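One structure is given below, encoded as structure tokens.
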Amino acid sequence: MVVTCSKEQGVGIIEVGHALTAATVDAFREQLASWQAVEPDVKNFVADLKQVDFMDSAGLGTLIAVLKRISEEGGDMKIACLQKKPRMVFEITRAYKVFEIYDTVDDALKKFN
């Protein structure tokens, strides 16, 4: 399982279980879409990346695509618990300008309330 989804305070928590790479992004997208189909009322999300120790361009591209789709449906997605190596990918690509990044899931959740 690449993704574990839950709901807290009406916000979807997307907990990613390991590296987000070209090898895992299809499973990530499928598992998230399946959960969203069951929880259509959830518009806002926090991506919990505490277990993601590596991310390549495919992983980052997928997060951007998910953010775009969520935004088009009137929602938002924030990033929480970004680790050192993935953080470098965000800095090099300037993706930190696209996402709001928080140290903890709780900090990100507070921004929705």
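Here, each number is a calculation from the coordinates, and none is a lab measurement. This is a predicted model, so every value here is computed, not measured. Neighbour counts are summed over all protein chains in view; Cβ atoms, including those assigned to glycine, are modelled from backbone coordinates with ideal geometry.
Distances between placed amide hydrogens fall under 5 Å for V11 paired with no residue 5 or more residues away or on another chain. Taking amide H positions as modeled 1.01 Å from N, with prolines and chain starts lacking one, the residues under 5 Å from V3 and 5 or more places away or on another chain are G17. Total lysine pairs in the stretch 3-110 at Cα distances under 13 Å, for residues eight or more apart or on different chains: 8.
When the charge dipole of the chain is built from unit charges on Cβ atoms (+1 for Lys and Arg, -1 for Asp and Glu) and taken about the Cα centre, the candidate among V52, I70, A95 whose Cα reaches farthest toward its positive end is A95.
Simple spin-label estimate for R94 and Q9 gives 3.2 nm between the two label positions (7 Å along the Cα-to-Cβ direction from each Cα).
Within the stretch 3-110, what percent of beta bridges assigned by DSSP are antiparallel, to the nearest 5? Provide the component values of the computation, followed by the final result.
Working: 6 of 17 bridges.
DSSP beta bridges in the stretch 3-110 are roughly 35 percent antiparallel.
If you take all other residues with their beta carbon under 14 Å from the beta carbon of N44, and give Lys and Arg +1 and Asp and Glu -1, the sum is -2. Would you grab the residues whose amide H sits under 5 Å from the one on E100? Only those 5+ places off in sequence or on another chain, please, with H modelled 1.01 Å from N. HN-HN under 5 Å from E100: I79. In order along the stretch 2-13, the Karplus-derived 3J(HN,Hα) couplings, from 6.51 cos²θ - 1.76 cosθ + 1.60 at θ = phi - 60°, round to 7, 10, 10, 10, 8, 10, 9, 6, x, 10, x, 9 Hz, and Gly and Pro are given as x.
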